[in-house]
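Let me begin by presenting the structure, written as structure tokens, before commenting on it.
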Amino acid sequence: MKEKSTRRMILLSVLFLALVVGITLVCLPYITRLSEPDFQAAFKEWVSDMGVSGLLVVFGIQVLQIVIQCRQLSEQKALKHGFSAVMETHIARYFAG
């Protein structure tokens, strides 16, 4: 019984890793282009055109950045400085235009 649960855990881990790698490969061209001012303007316009959904997209990106950052920082530091500061900054930027 324990061997079956171990196999399942390994399978789920491999599937999760494959999903993360796949999403990364799909998003990588967009991420590298975000340093270009023209692409930044187009992205900002796309997010603005989406309305509330655009805000949710930006929120999702920020959550992903925090999750990645949490892996690099200690848990205590990430909770203390990460989420609240990032969200306040990006909500202010969104409404400032």
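Length gained on full extension, Val21 to Thr6, computed as 0.36 nm times the residue gap minus the Cα-Cα distance: 3.2 nm. Counting beta carbons within 10 Å around each of Arg8, Arg33 and listing the fewest first gives the order Arg8, Arg33. Here the extension length gained between Met50 and Thr32 equals 4.3 nm, from 0.36 nm per residue of separation less the Cα-Cα distance.
Take the Cβ atoms of Ser13 and Ile61, set R0 to 30 Å, and the FRET efficiency comes out at 0.75.
We did not get these values from a lab; they are worked out from the coordinates using the rules stated. Since the model is a prediction, treat every value here as computed from it, not as a measurement. All Cβ positions, glycine included, derive from the backbone under ideal geometry; neighbour counts span all protein chains shown.
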